[in-house]
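Structure first, commentary second.
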Amino acid sequence: MGGEWGQSAICPESAQEWAIQVGQHLLDMDLGAITKYSALHAKPNGLILQYGTAGFRTKAEHLDHVMFRMGLLAVLRSKQTKSTIGVMVTASHNPEEDNGVKLVDPLGEMLAPSWEEHATCLANAEEQDMQRVLIDISEKEAVNLQQDAFVVIGRDTRPSSEKLSQSVIDGVTVLGGQFHDYGLLTTPQLHYMVYCRNTGGRYGKATIEGYYQKLSKAFVELTKQASCSGDEYRSLKVDCANGIGALKLREMEHYFSQGLSVQLFNDGSKGKLNHLCGADFVKSHQKPPQGMEIKSNERCCSFDGDADRIVYYYHDADGHFHLIDGDKIATLISSFLKELLVEIGESLNIGVVQTAYANGSSTRYLEEVMKVPVYCTKTGVKHLHHKAQEFDIGVYFEANGHGTALFSTAVEMKIKQSAEQLEDKKRKAAKMLENIIDLFNQAAGDAISDMLVIEAILALKGLTVQQWDALYTDLPNRQLKVQVADRRVISTTNAERQAVTPPGLQEAINDLVKKYKLSRAFVRPSGTEDVVRVYAEADSQESADHLAHEVSLAVFQLAGGIGERPQPGF
Ligand code: 16G
Ligand code: MG
């Protein structure tokens with residue numbers, strides 16, 4: 001920590017006296033030091049931020065105090081859970097000027113909801129209230145302040161990330177926590193490190209080398225068993241969104257090159273992060289990224305800015321663009337896992353978890369053709385992840401390409417045994433499943449890991465990208481945004497598929513949906529932007545577009561629309 005001491009807003013001595021009154025154990029926090037250092041990371045006046053579905057996210061220049069305070073909070077969470085906690089500095093697919101931060105819980109999961117509230121409170125506390133808020137959190141959560149704390153930190157490639165991660169470290173050290181700074185990492189790599197460290201190395205080695213080796217070994221083992229080994233299955237174009245994914249994939253590629261050759265685009269050498277490229281751009285614009293030349297039927301994929309999302313795509317012989325999103329990825333993966341289980345002769349319960357954004361065709365295909373039960377949760381990784389934990393094997397994906405598969409400990413043990421004990425074909429299938437389990441990042445959706453899983457499955461099944469795409473045809477759909485004065489007037493139920501308030505809105509949507517075939521529509525307040533999102537699907541693009549527009553008008557009228565009325569046409 002460098003720099004001059006700033007002028008603190010509260011006199012350390014009086015704070016100390018006050019703290020003694022509140023409780024003896026509070027002396028374990030060096031309140032004077034916290035006040036001094038906090039003033040070096042001062043909160044801009046009037047700035048209010050909320051810990052949303054993906055942590056804090058806003059313009060990088062407003063985040064210094066948030067980073068420092070999340071360093072403090074990570075120490076408290078670490079003391080409370082007696083585990084290593086992760087802090088990731090990234091704003092994922094947001095523009096390069098933005099940044100963000102999120103905390104990673106002991107098993108590599110998203111921060112527990114009650115701590116999200118503490119995070120919001122702490123980030124918004126005025127300088128003079130900082131100590132009180134820290135004490136409050138410690139008391140509410142019965143944090144033993146004498147417990148050791150350990151925090152691991154990772155960051156993406158944004159120009160602002162290095163300095164901001166230093167502010168996190170300042171926060172950690174001022175509360176007496178120890179830390180390891182991994183430097184540049186993808187978000188899912190940081191989740192992996194946290195998971196490894198808290199499971200005594202059973203999940204893997206908590207080093208970047210350990211991550212590369214674990215995944216590559218599983219991948220190479222799997223692809224060795226693929227009978228079709230033509231070049232067609234062995235090369236892939238990857239758009240890295242000019243982000244951290246490029247760096248890490250380049251480091252890793254020689255580990256798995258005997259199974260797959262990757263060609264990297266938007267690798268950060270020229271373009272701007274997430275600008276006209278990356279998974280979010282490709283999914284929302286339904287077109288290929290800039291900076292990648294695609295020949296017909298070539299298999300391509302895009303990562304997002306922190307490499308925790310992936311989508312695939314290709315151009316057909318007529319030059320038409322085809323997107324293969326998270327729904328189709330979930331379908332490929334769950335079908336393959338189910339086939340392996342049948343082959344091994346195990347009847348384990350496997351479930352797929354989606355959100356309301358999942359294309360209706362994917363849900364129908366999974367339920368009716370694959371006979372796999374499908375569940376719907378609210379948007380946001382933590383909701384899907386928790387639901388997926390209820391199954392022996394839970395596959396979850398958001399349509400936007402974030403997802404993974406989770407295997408219960410009992411399943412992992414059973415499959416290991418089968419791989420040793422069973423004979424011939426069954427043994428081969430069990431071995432395959434064992435490797436697939438190792439290839440997934442079970443801590444978080446991971447573009448690199450998912451890419452390798454998908455490539456292995458395509459090679460093993462001898463599927464081309466077109467054959468994969470042809471599993472089912474997506475229903476045409478449209479997403480729109482509506483500006484309203486206060487998006488909180490919209491509340492939803494049934495995994496966001498129905499609006500409870502404002503009165504009359506759901507009835508209006510029901511009436512509109514009735515006008516179209518194979519149609520469905522829902523609205524929800526965004527968790528990351530100040531807008532209401534509208535989703536509609538129907539039997540034709542024209543109908544989906546009309547329905548989405550009409551629903552937007554209903555939102556505008558009934559939920560306090562501001563600015564210009566939604567216009568038809570896109
Ligand atoms: C965040 C979520 C993502 C979700 C998106 C929805 C995490 C790590 N990320 O990026 O899962 O799809 O928000 O955004 O949970 P929205 O609320 O603006 O539609
Ligand atoms: Mg991301």
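The values are calculated or read from the model by the stated rules, or taken from the named source; none is laboratory data. Bear in mind the structure is a predicted one, so any value in this text is a computation, not a measurement. Reconstructed Cβ throughout: ideal geometry from the backbone, glycine too, with neighbour counts over all protein chains shown. These area figures cover heavy atoms from the full protein model, side chains too; ligands, DNA and RNA do not enter into them. Shrake-Rupley method; radii C 1.70, N 1.55, O 1.52, S 1.80 Å.
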Share of accessible surface on carbon and sulfur in region 251-349, whole %, 1.4 Å probe and ligands ignored, is 45
Counting alpha carbon pairs within less than 8 Å and at least 6 residues apart, what relative contact order, in whole percent, applies to region 311-407? 31
Cross-link partners of Lys378 among lysines (Cα-Cα below 26 Å; sequence separation of 8 or more within a chain): Lys102, Lys283, Lys328, Lys338, Lys387, Lys481, Lys514, Lys517
HN-Hα J in Hz across region 554-562 - Karplus 6.51, -1.76, 1.60, θ = phi - 60°, x for Gly and Pro: 4, 4, 4, 6, 9, 10, x, x, 10
Beta bridge orientation in the chain: antiparallel %, DSSP, nearest 5: 60
Per residue and in cubic angstrom, what volume does the convex hull of the Cα atoms of the chain have? 152
Note, ³J(HN,Hα) from phi for region 531-546, Karplus 6.51, -1.76, 1.60, rounded to Hz, x at Gly and Pro: 9, 9, 9, 10, 10, 9, 9, 7, 6, 9, 4, 4, 5, 4, 5, 4
The size of the Cβ-based charge dipole (Lys, Arg +1; Asp, Glu -1) of the chain about the Cα centre, to the nearest 20 debye, is 820
Counting pairwise Cα distances across region 361-415, what percent come out greater than 13 angstrom? 62
Summarise the long-distance tail of P(r) for region 477-559 by giving the % of C-alpha pairs beyond 19 Å. 27
So, taking all protein chains as they sit and a 1.4 Å probe, how much accessible area belongs to Val513, in Å² rounded to tens? 30
The ³J(HN,Hα) series, computed from each phi in region 432-446 with the Karplus coefficients 6.51, -1.76 and 1.60 at θ = phi - 60°, rounded to the nearest Hz and given as x for glycine or proline, is 4, 5, 4, 5, 4, 4, 5, 6, 6, 8, 7, 7, 6, x, 9
In a solvent-free Debye calculation with one equal scatterer on each Cα, what is log10 I(q)/I(0) for region 210-324 at q = 0.13, 0.14, 0.18 Å⁻¹, listed in the order of the q values? -0.51, -0.59, -0.93
Just need the relative contact order of the chain here, percent rounded to a whole number, with Cα pairs under 8 Å and 6+ apart. 11
If you fit an axis through the alpha-carbon atoms of helix 64-81 and take the longest principal axis of the Cα set of the chain, what angle between them do you get, 0 to 90°, nearest 10? 80
Normalised convex hull volume, region 525-570, alpha-carbon set, Å³ per residue: 84
Amide H neighbours of Thr404 at under 5 Å, excluding residues fewer than 5 places away on the same chain, with H built from the backbone geometry, are Tyr396
Counting only heavy atoms of the protein chains, get the accessible area per residue of region 388-431 (1.4 Å probe) and round it to a whole Å² value. 49
Treating the Cα atoms of region 73-174 as identical point scatterers in vacuum, please give the log10 of the normalised Debye intensity I(q)/I(0) at q = 0.14, 0.18, 0.20 Å⁻¹, two decimals. -0.54, -0.90, -1.09
The answer for Ser491, listing residues at least 5 apart or on another chain whose modeled amide H is closer than 5 Å to its amide H, is Val500, Thr501
Tell me what the chain gives for mean residue ellipticity at 222 nm when only DSSP H runs of n ≥ 4 count, each as -39,500 (n - 2.57), the sum divided by the residue total, rounded to 500 deg cm²/dmol. -13000 deg cm²/dmol
